[in-house]
1. Quick query: amide H of B:V169 versus all other amide H atoms, modeled in the peptide plane; which residues come in under 5 Å with a sequence gap of 5 or more or a different chain?
2. Calculate how steeply helix B:3-17 sits against the longest principal axis of the alpha-carbon atoms of chain B, using the helix alpha-carbon long axis, and give the answer as 0 to 90 degrees to the nearest 10.
3. Kindly write out, for region A:193-201 in residue order, the coupling ³J(HN,Hα) from the Karplus curve 6.51 cos²θ - 1.76 cosθ + 1.60 (θ = phi - 60°), rounded to whole Hz, with x marking Gly and Pro.
4. Long-range amide H contacts for B:N37: which residues qualify at under 5 Å (H placed 1.01 Å from N, peptide plane, sequence gap of 5 or more or a different chain)?
5. Can you check what the net charge comes to around A:Y112, using other residues whose Cβ is under 12 Å from the Cβ of A:Y112 (Lys, Arg +1; Asp, Glu -1)?
6. For region B:255-271, what does the Karplus curve 6.51 cos²θ - 1.76 cosθ + 1.60, with θ = phi - 60°, yield as ³J(HN,Hα) per residue in whole Hz, taken in order and with x for Gly and Pro?
7. If you keep only loop residues by DSSP, which trypsin sites (Lys or Arg not before Pro) in region A:137-211 have at most 16 other Cβ atoms within 10 Å of their Cβ?
8. Looking at region A:1-85, which chymotrypsin sites (Phe, Trp or Tyr not before Pro) are in a loop (DSSP not H, G, I, E or B) and have at most 14 other Cβ atoms within 10 Å?
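Laboratory data are not the source of any read-out in this text; all were calculated from the coordinates shown. Since we're looking at a predicted model, the values are computed, not measured. Quick reminder, even Gly has a Cβ in these numbers, built from the backbone with ideal geometry, and neighbours come from all protein chains shown.
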Amino acid sequence: MKKMLVLQISALIIVSGSLGGMLFFTDVYEEVHSGIVSVLCLSCLKLEPKTKTDFTFETAYGEPHPDFVLDNLSNGVVFLHYSEDACPGCDIMYPVIQNLFNFTFAKEDTVYKIFSFEDSDVAYFYTNIDHTSEEMENSFPVYDKDHISGLPMFVIITLGYEKGIIKPYYTTVYGTLGLDNDKDRIAFLTELIQESIDIYNQNREGYNQNQ
Amino acid sequence: MKFQIKRLLSQILIFFSANLGAFGFKTGFCYPFFYCNSCPAATSACPLRAIEQSVYKGSFKWRLLLFPILILGFFGVTSGRAICGWACPIGLLQRGTGKIARKLKKYPLIKKIGDHKIEPYLRYVKYFTLIGIVILTTALIGFMFTDICPVGILTGTLPTLILYPSKFVPNPFFWIALIIFILFLVLIFTIERGWCRYFCPVGAILAPFNKISFLHVSLVSIEIFEKECLHCNACSNACPMGIDVTNMNRDPECILCGKCIDVCPKKLIKFERN
């Protein structure tokens with residue numbers, strides 16, 4: 001009986017001490033909060049948002065566009081790609097994007113690169129939200145157009161005209177784009193980028209970042 | 001207040017507290033039971049999702065592995081598998097379906113399945129589910145249990161489809177998960193607490209803690225028990241986990257529901273706190 005009590009008390013001290021230590025000394029609470037509870041892996045949900053490519057001026061929660069987007073928008077279209085570690089949907093889309101831009105990178109990297117896409121510049125940002133900066137992570141909800149909060153997510157930001165002002169104009173697509181194979185996914189994204197570049201070229205002359 | 005009513009109130013209260021995300025309350029904890037963070041109202045993370053993230057495709061994030069295990073371990077050391085009987089929303093669901101399963105037990109085929117000689121061995125399947133599908137396939141090939149989880153379909157996918165009927169379409173995992181969900185329903189309607197007994201990976205983490213938990217179900221002293229037991233078998237018949245109560249000693253399957261304590265005519269079974 002005494003042996004059991006010693007075992008029980010030891011186990012309780014080890015478990016509660018380790019749990020308390022983890023909560024106090026590591027950011028595991030934040031990691032679970034931001035990486036699992038607040039952001040959905042769409043493959044875990046077993047659903048995908050219906051793909052809608054309509055562009056909008058309004059950010060998801062009315063927040064301003066991040067500086068890194070505005071800075072790059074002066075030179076061309078901005079393409080944001082959000083992903084996370086344990087996410088089969090992200091794994092499906094990862095090679096699609098690599099083929100689209102003909103460029104390889106590791107899944108946990110943070111990537112910023114300017115690509116020439118049919119003679120126009122496209123600023124590509126890849127963000128794995130499990131390994132990224134606060135600025136990049138904070139930009140994720142800004143462009144969550146359909147309030148899905150799910151990954152993978154792709155955003156294409158161009159310039160649009162509204163009420164006499166040229167300003168950022170974007171669309172967001174999610175998951176595996178509702179398509180069955182990589183060829184169709186690449187064709188879909190290529191068409192979307194081309195459309196964004198056309199809109200950008202129509203409006204770039206009147207764009208003033210500080211407006 | 002009757003003991004089983006108290007347990008029902010506890011289950012209902014915890015079900016609502018697990019869904020406070022509907023009011024914007026979200027935490028960074030893992031649930032100490034089986035519930036899906038894809039649920040539109042979820043407050044916390046599925047412990048299995050954290051474990052899967054920690055080992056996905058050969059990666060190793062020790063914090064995400066240890067965190068849910070320590071949370072489950074804390075409850076396990078203090079009260080064993082009481083979480084399954086007193087808190088788990090899937091346990092609450094099976095409490096409802098268990099009554100139907102009990103009635104169906106009158107049919108010879110169902111009784112035969114429940115009493116089959118391999119039934120005790122099927123209880124080890126949950127450990128294979130935990131080690132095989134939650135950990136190994138996730139680590140080796142990236143195939144995760146949560147992608148086909150029937151509890152995820154019930155608490156995450158279906159509520160999302162009901163709340164946002166025109167917003168989502170099924171992904172390739174949906175149809176496999178739906179078939180597993182239908183089998184899950186057949187199981188819990190035919191075998192009382194069938195999911196907890198045979199397949200629940202969270203139950204597999206909690207079960208070994210029954211061996212050392214402070215709170216557990218035990219017999220009064222052996223001498224009194226041997227002298228006074230009527231051998232009516234009411235305790236084993238009442239047990240939703242199908243345990244042979246009179247011969248149990250800190251059984252890993254015991255969910256501390258207290259049904260055996262309630263039905264014993266001689267009050268020879270009790271909760272013990274040491």
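1. The list, which skips near neighbours in sequence, is A:E48, A:K50.
2. 10 degrees
3. Karplus-based 3J(HN,Hα) across region A:193-201 equals 5, 4, 4, 5, 5, 4, 5, 4, 5 Hz.
4. Those lying under 5 Å, H to H, from B:N37 are B:C46.
5. Surrounding charge for A:Y112 is -2.
6. Result, rounded to whole Hz: 9, 6, 6, x, 5, 5, 5, 4, 8, 5, x, 9, 6, 9, 10, 8, 7.
7. Hits after loop and neighbour filter: A:K163.
8. A:F57, A:Y61
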